[in-house]
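Below is one structure, written out as structure tokens, with a few remarks after it.
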Amino acid sequence: MLDSDLAKLYEVETRVLNQAVKRNMERFPDDFMFQLTKEETENLRSQFVISSWGGTRKLPYAFTEQGVAMLSGVLKSKRAIQVNIQIMRTFVKLRQWALDNKELAERLTELEHYFMQHCEENRVDLAEINKALMLLMDRTKPKEIGFKTE
């Protein structure tokens, strides 16, 4: 997820989010967060007819799943605290569900091995991830868990 999208989720300004990250860089290794290149940013902007990125033209940061979870722990907003608590509860539920579903655990292991073999420096082809997850979701339909926004 991009820093601007996460700022909205956590109800803080993008600059506040990025400041919190810079103050806690040791918590954000390359597999948690990376900065988009100029080319990637331009490509992303070209996907939108009207830019909604506001006044700043700095290269955005993209956060992985682990980065999003870590971010919820370093931000000080009430929303970030709520998200952090819900992430922890969701991880516990997901872990228990995965333990109860051996087939899913085996498929997740297969996916992990596939991506480890086919990924280059944490830059994964999102279409491949989406395709694999869609196949996985078709095979197993868990109860809905996650964070609900109001």
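Laboratory data are not the source of any read-out in this text; all were calculated from the coordinates shown. Every value quoted in this text rests on a predicted model; they were computed, and no experiment measured them. Here Cβ is always computed from backbone atoms with ideal geometry, including for glycine, and neighbour counts include all displayed protein chains.
Please check which bits of segment 8-49 a label hung off L2 would reach, taking the label as a point 7 Å along Cα-to-C-beta and the cut-off as backbone N under 11 Å.
36, 41-49
Obtain the nm distance between the two label points defined at R23 and K78 by a simple spin-label model: each point lies 7 Å from its Cα along the Cα-to-C-beta direction.
2.0 nm
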